[in-house]
1. Could you identify the single residue in Thr31, Thr40 that is within 11 Å of the ligand (Cβ to nearest atom), of a type in the set (Val, Ile, Thr) and more than 24 Å from Asp102 (Cα to Cα)?
2. Given Asp111, Asp127, which one is in a loop (DSSP other than H, G, I, E, B), more than 16 Å from the ligand (Cβ to nearest atom) and either crowded, with 24+ Cβ neighbours inside 10 Å or not hydroxyl-bearing (Ser, Thr, Tyr) (or both)?
3. Given the criteria open to solvent by 30 Å² or more (accessible area, probe 1.4 Å) and of a type in the set (A, V, I, L, M, F, W, C), does Ala73 qualify?
4. Which of the following residues is modelled with pLDDT of 95 or more and β-branched (Val, Ile, Thr): Thr132, Thr140?
5. Which residue out of Ser139, Ser143 is within 11 Å of the ligand (Cβ to nearest atom) and more than 26 Å from Lys323 (Cβ to Cβ)?
6. Name the single residue, out of those in the stretch 17-31 being of a type in the set (Val, Ile, Thr) and over 18 Å from Leu88 (Cα atoms), that is surrounded by the fewest Cβ atoms within 10 Å (Cβ to Cβ).
7. For residues that are within 16 Å of the ligand (Cβ to nearest atom) and among the aliphatic types (A, V, I, L, M), scanning just the stretch 87-108, find the one that is farthest from Ala33 (Cα to Cα).
Amino acid sequence: MAFLMAVTITAVGLAQDTDLPNVKILATGGTIAGSASSATSGSYSAGQVGIQTMINAVPGIKELANVSGEQIANVGSQDMTVKIWIKLANRINELLASDDVDGIVVTHGTDTQEETAYFLSLVVKSDKPVVTTGSMRSSTSISAEGPLNLYNAIAIAASKEAIGKGVLVTLNDEIHSPRDVSKMNTTNVGSFSAPIKGIMGGVFYGRLGFFREPTTKFGNTSEFSVEGVTTLPRVDIIYAYADMAPDLIDIHVKAGAKGIIIAGVGNGNMTEATLNAAKKAYEEHGVVVVRSRRVATGWVLRDNEFKDDDYHTIASHDLNPAKSRILLILALIEGKKLSEMQELFYTY
Ligand code: GLU
């Protein structure tokens, strides 16, 4: 079933059944809310369809939960902003503090869904379930998978099994931990996977089960918060390559970056000249450089080919560049010292 016409409605819902959990959907756009000129066209515009139209496209929703929706944004997730992140986090914390809300679903584009989900997992303070979802096919596509993904997300958010597991990501019948999941394919419906630690659980037409717990800190045990925060410090990502120019670091420092993530070659490597530029960036400007990886999967190990302390660098462990950026942003907000940073990458 297609989501069809674009409408933007705030605070919409269905009639209440007092025996069912109350789930709120916060919509932000993405392909799940995208529409194309024809059902067989791969070209479409993300973030076109409003929350009520998305809810209407999901049959059987009334048996799962009392569902209502709010439109937080309606963007392709390449246009997701820090401002929307903060708005989303504050709204989720506000809703979950109420006895009237048992779980939250966030609909989101797939491009940056892992970033938003990871960010939320570190700043949402509740044991109640928060589940992000999206789709690879637009709402008007033949075999659009968005309605089933949304149905599954609502089932997870309404379930007792998901309580205390932090923010979860679901697409394609899988349940993932935000720290571990990545978008791995540009177009395939099975795009999301967690290559290092594997999936957390599965969901099949609303029936669900978990295979493992999250392995790092999140939610109520997280020391991070964006309460009262209006802007986030600038942290940039630089992609490493053979014969990388070291002045890229200086350019980002001059532009105002307070932290830099290197999407390093291999095990978080970069040219010797760039390492020296990283050392200088910290010594002269206090800018922290984290070594992540441009390789799709694997750990970036501390002190692997050189001593990180010699260059004041931090190893990202299993965090990819985009998520390393989020953790560094939150660490900078909390005023963490360089000496505390490495442990954060192991812990969160
Ligand atoms: N660029 C779009 C987005 O992230 C399309 C990807 C998707 O949602 O599947 O919103």
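1. On the way: Thr40 fails: within 11 Å of the ligand (Cβ to nearest atom).
Only one candidate qualifies: Thr31.
2. Details: Asp111 fails: more than 16 Å from the ligand (Cβ to nearest atom).
Every option except Asp127 fails the conditions.
3. Numbers: open to solvent by 30 Å² or more (accessible area, probe 1.4 Å): no; of a type in the set (A, V, I, L, M, F, W, C): yes.
Against the criterion (open to solvent by 30 Å² or more (accessible area, probe 1.4 Å) and of a type in the set (A, V, I, L, M, F, W, C)), Ala73 does not qualify.
4. On the way: Thr140 fails: modelled with pLDDT of 95 or more.
Only one candidate qualifies: Thr132.
5. Details: Ser143 fails: within 11 Å of the ligand (Cβ to nearest atom).
Criteria check complete, one pass: Ser139.
6. Let us first name the residues in the stretch 17-31 that are of a type in the set (Val, Ile, Thr), namely 18, 23, 25, 28, 31.
Pick out the ones that are also over 18 Å from Leu88 (Cα atoms) and you get 18, 31.
Working: Thr18: 6, Thr31: 29.
Among those residues, the one meeting the criterion is Thr18.
7. Restricting to residues being within 16 Å of the ligand (Cβ to nearest atom) and among the aliphatic types (A, V, I, L, M), the top hit is Leu88.
This table checks each residue for (1) closer than 24 Å to Glu343 by Cβ; (2) loosely packed, with under 15 Cβ neighbours inside 10 Å; (3) touching a residue at least 24 places away in the same chain (Cβ under 8 Å).
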{"position": "Pro233", "(1), (2), (3)": "yes, no, yes"}
{"position": "Asp243", "(1), (2), (3)": "no, yes, yes"}
{"position": "Pro246", "(1), (2), (3)": "no, no, yes"}
{"position": "Ile262", "(1), (2), (3)": "yes, no, yes"}
{"position": "Ala273", "(1), (2), (3)": "no, yes, yes"}
{"position": "Val289", "(1), (2), (3)": "yes, no, yes"}
{"position": "Thr297", "(1), (2), (3)": "yes, yes, yes"}
{"position": "Val300", "(1), (2), (3)": "yes, no, yes"}
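The values are calculated or read from the model by the stated rules, or taken from the named source; none is laboratory data. As the structure is a computational prediction, the values presented were derived from the model and not from experiment. Every residue, glycine among them, receives a Cβ derived from its backbone with ideal geometry; neighbour counts consider all protein chains shown. The protein model used for the area step is the full one, side chains on, heavy atoms only, and it has no ligands, DNA or RNA in it. Shrake-Rupley method; radii C 1.70, N 1.55, O 1.52, S 1.80 Å.
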